[in-house]
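The values are calculated or read from the model by the stated rules, or taken from the named source; none is laboratory data. Fair warning: this is a prediction, and the values are worked out from it, not measured in the lab. Every residue, glycine as well, gets a Cβ built from its backbone with ideal geometry; the counts of neighbours run over all protein chains shown. Just so you know, the surface numbers come from the protein's heavy atoms only, side chains and all, with ligands and any DNA or RNA stripped out. Shrake-Rupley method; radii C 1.70, N 1.55, O 1.52, S 1.80 Å.
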Amino acid sequence: MKHGEIAFTGSWPAVVVLAAAMGAAALAYAFYRAKRAGLPPRSFSVLTALRTLAIAIVAVFLLQPVLRLIRTELTQATVAVLVDVSESMGVKDTADDRSRLEAGVSLLRDRPHAVLAELARRQAVRLFSFGAVTAELADAARLDELHPAQKATAIGDALKDVVKLAPRERLSGIVLLTDGVSNRGEDPEAVARALGVPVFPVALGGRVAERGRFHDVGIARVPQAPRFIVNNEATVRVELVQAGLQKFTPAERELELRLMQGDDELAAKAVRLPAEDGTLAEELSFVPRRTGIHTLRVAIESLPDETVVENNARSFTVQVTDPRIRVLIVEGVVRSEYRFLRRVLESDPNVELTGVVKVSGKRFLVQGVQPGVDLSRGLPAERADYGKFDVVILGDIARKEFTGVQIEYLKEFVDGGGALLALGGYHAFGAGGYADSALADLLPVTMGGERDGHLEEAFVPVLTAEGRGHLVFRGSEELFTGLQARAGLDGANRVAGAKPGAQVLAVHPHERAAGRPMPVVAVQSYGAGRAMALTADTTWKWKFQVEAQGLDSPYYRFWRQSVRWLAGRKEEEMAPDQLVKAWTARVEYESGKAVLLKARVRNRDGEPEERARVEVNISYPIPVRTVASDGAEALENGTTVRLEPVPLSLGEYQLPWQPPASGLYQATAAAYDGGTDPSGVEGAELGTDRFEFVVGHAASEFDRVDVDEQMLRSLANQTGGVFHTLATAGQIPEELEARRALVAHREELNLWNAPWLFTLFLACVTAEWILRKRRGLP
């Protein structure tokens, strides 16, 4: 369709120019009329016409008229159709008991509506699926391949993705088929306000409690990454939700609630749900038997013909720990036994070590973890301060260095559940004056007097039958039985024998006490606590003597297992022979916060490895869209990062890392040797460790199963679209057709800036001047 119009583009108002031109023409007419008596009639008419035409041309110059020709036509626009394929679209709550996704696909493809075909008759159509990520479908045939399987719904992200893929200047509208429950990504309403494209939402699904035939029970809330202590009772608190149960009898509303780990049932109880709609809090208790991170599942029995069964079970992650063992070592001198023992315990990720060593006079130096208590006299001076520790190790330090009150408090500490380990030395046991102290009651050996002295002869301890089966020597038995020459010690404190009820784990091969082999390692319980006596003081030699013969040393294993037994703990997930341990500083992080990835690495000798290459492979909870430096976009399911050594921390590595999305992350850390293995291969793998962590609220697709009509109506209102249900969605093609834009093609023809018009003006003025001169006019 074409039409034209004349427009004035000059700076002078048209009314003013036309009024001035008419005034000038009137004056010209009056002037020549006054001279008419002396002019032939024809000359009067010619002069008046020439002057009027010149005035008219001047007016044209001032008005600057143009002729605008306008041709309009409908644009060839594009419609984007988005289909939600998240898990909640599998809920069967449409009028004909089809799933939400099935109902949406039928609306697009089948008669009577066949919305896709109707849209395609009028405009170009681009088809997309979305959930956690958005993907374009090649054609309508791909609708049959759609499944409600994506773990999240990101409506805001999907709208932004479509505008990127299909430029908004060509989009006449977006048809959005969804239940409206967005639980990931950007806020849909905030995106809609900046979209600039009308959205036509189609609400798929219903409200569970809205109609009498709908009834539902589900798991509304589970703990977020709780921490439990191994071998201690743990309580899981869950929140149940129920709707539409009024028609069920009390017996029918009694359902079984179970806590599962894989196929194993950890706990179960019968729960009677109220008839009224609402929520109900329940607790399940169990005893975790293994440390580490575990995935548990809580599930409630389904009702007969329950509308939504997908929300009847929900998984969550728990961390079971053997809490860090707080150890205090008190030494009277900086000796090799102290230095090596401190190193082995500091390398243990489950031990917090505080070392106190006498440096001069009554002055003690505190090393390692600062416990926040007064240790200026070696042992704590206040009864309550002993509660800062789980195990106290007394080294080569005499009884006279402590007050009687300190020794009494130490005895009470063990009696109340703490632990004491007495090491050999020239100022230990009877030689150190402890035979008459309160500690004599709780140690598993009987001490002699200060003159009993010290055995200087080197020897190899002999394990007893009890010792071979005890946790302290587990995994090292053969080094003390068939291979005795490889685990020697340089002497020991002389003791008078073992107490009744004590367990003797290792004895001297030649020295006897009370008619029996003299105890070298003995343990016993005292009150609620434990005590251990190790009369030797050169266990550090086990490391070098055994390793020199190409065998694994029992040194690290012996001390780690001894401390765990004393603290009443079982071995943690990181066994003494485990070389790699990885974890996060916390199990659960807020969205937007950096995650601190940490690892400890030992070499094949069991020592902290300071030159390892530690890489962590992280699996994302959902695919994440990334943009490369060249602008190319891609979807990634995970990433690999490298940890950096922690300064002044032996064998420890860490890295702050920013997670790209909320949810449950799974990670595997691998450490590679910084040197070469026995075969000469560089960077051989030392080991791996798996861990998990949660970022933000790991939302479930079934936290909310009701269609969110309010949000979908808001999307339509804010973008100029129209909200629809399945019953009215057939109107969308006509509504979009009415909104197709008209494109106007304009052409302008300049009517005043032309040489011929200026020539005509000059001709009129010149002709008038000549004629006036001929007639004798001024």
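Overview of values
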read-out	value
Residue within segment 334-347 that is open to solvent by less than 10 Å² (accessible area, probe 1.4 Å), under 26 Å from residue 492 (Cα atoms) and among the charged types (D, E, K, R) present	yes
Qualifying strands (runs of 3 or more DSSP E) (wholly inside segment 266-322; at least 3 residues being farther than 25 Å from residue 691 by Cβ and either open to solvent by less than 30 Å² (accessible area, probe 1.4 Å) or free of Cβ contacts under 8 Å to residues at least 60 places away in the same chain (or both))	278-286
Segment 427-456: number of residues that are in contact (Cβ under 8 Å) with a residue 24 or more places away in the chain, among the hydrophobic types (A, V, I, L, M, F, W, C) and either open to solvent by 20 Å² or more (accessible area, probe 1.4 Å) or closer than 14 Å to residue 520 by Cα (or both)	7
Filter pass, residue 200 being open to solvent by less than 10 Å² (accessible area, probe 1.4 Å), more than 30 Å from residue 323 (Cα to Cα), over 22 Å from the mean Cα position of the chain (by Cα) and modelled with pLDDT under 80	no
Filter result (at pLDDT 90 or above, of a type in the set (A, V, I, L, M) and assigned to a strand (DSSP E or B)) within segment 619-650	641
Count of residues meeting criterion [assigned to a strand (DSSP E or B) and open to solvent by less than 50 Å² (accessible area, probe 1.4 Å)] in segment 215-240	11
Entirely in segment 391-492, the strands (runs of 3 or more DSSP E) that have 2 or more residues that are under 23 Å from residue 503 (Cβ atoms) and in contact with an Asp or Glu (Cβ under 7 Å, 6 or more places away or on another chain)	419-423
Among the residues listed as 362, 358, the single one being among the charged types (D, E, K, R) and at pLDDT 90 or above	358
Single residue of 118, 189 found to be touching a residue at least 60 places away in the same chain (Cβ under 8 Å) and either open to solvent by less than 10 Å² (accessible area, probe 1.4 Å) or closer than 17 Å to residue 734 by Cα (or both)	118
Tally, over segment 43-67, of residues that are under 17 Å from residue 13 (Cβ atoms) and without any contact (Cβ under 8 Å) to a residue 60 or more places away in the chain	2
Pairs where the first residue, in segment 636-657, is surrounded by fewer than 15 Cβ atoms within 10 Å (Cβ to Cβ) and the second is outside any strand (DSSP E or B) and of a type in the set (Gly, Ala, Ser), C-beta under 7 Å, 6+ apart	656/594
Segment 147-180 - residue that is basic (Lys, Arg) and either open to solvent by less than 50 Å² (accessible area, probe 1.4 Å) or in a helix (DSSP H, G or I) (or both) and, of those, modelled with the lowest pLDDT	168
Hits in segment 129-146 - residues which are under 25 Å from the mean Cα position of the chain (by Cα) and either at pLDDT 90 or above or acidic (Asp, Glu) (or both)	129, 130
Scan of segment 466-499 for residues that are open to solvent by 60 Å² or more (accessible area, probe 1.4 Å) and modelled with pLDDT of 90 or more, ordered by number	466, 494
Among the candidates 24, 80, residue that is among the hydrophobic types (A, V, I, L, M, F, W, C) and more than 60 Å from the chain's Cα centre (by Cα)	24
Selection count where residues are touching a helix residue (DSSP H, G or I) at 6+ places or on another chain (Cβ under 7 Å) and open to solvent by less than 20 Å² (accessible area, probe 1.4 Å), scope segment 94-115	8
Of all residues in segment 664-705 being at pLDDT 90 or above and in contact with a Gly (Cβ under 8 Å, 6 or more places away or on another chain), the one that is farthest from residue 617 (Cα to Cα)	672
Top-ranked residue of segment 22-43 - restricted to ones that are open to solvent by less than 20 Å² (accessible area, probe 1.4 Å) and in a helix (DSSP H, G or I), ranked as nearest to residue 6 (Cα to Cα)	28
Flag for residue 126 being modelled with pLDDT of 90 or more, touching a strand residue (DSSP E or B) at 6+ places or on another chain (Cβ under 6 Å) and open to solvent by 40 Å² or more (accessible area, probe 1.4 Å)	yes
Considering residues of segment 511-546 that are in contact (Cβ under 8 Å) with a residue 40 or more places away in the chain and of a type in the set (D, E, K, R) only, the residue surrounded by the fewest Cβ atoms within 10 Å (Cβ to Cβ)	511
Among the residues listed as 616, 624, 601, the single one being touching a residue at least 40 places away in the same chain (Cβ under 8 Å), surrounded by 13 or more Cβ atoms within 10 Å (Cβ to Cβ) and under 27 Å from residue 316 (Cα atoms)	616
Number of positions in segment 241-265 that are in a strand (DSSP E or B) and either small (Gly, Ala, Ser) or at positive phi (or both)	1
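Residue-by-condition table, conditions (1) in a loop (DSSP other than H, G, I, E, B); (2) at pLDDT below 80; (3) not basic (Lys, Arg):
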site: 542; (1), (2), (3): no, no, yes
site: 558; (1), (2), (3): no, no, yes
site: 573; (1), (2), (3): yes, yes, yes
site: 581; (1), (2), (3): no, no, no
site: 593; (1), (2), (3): yes, no, no
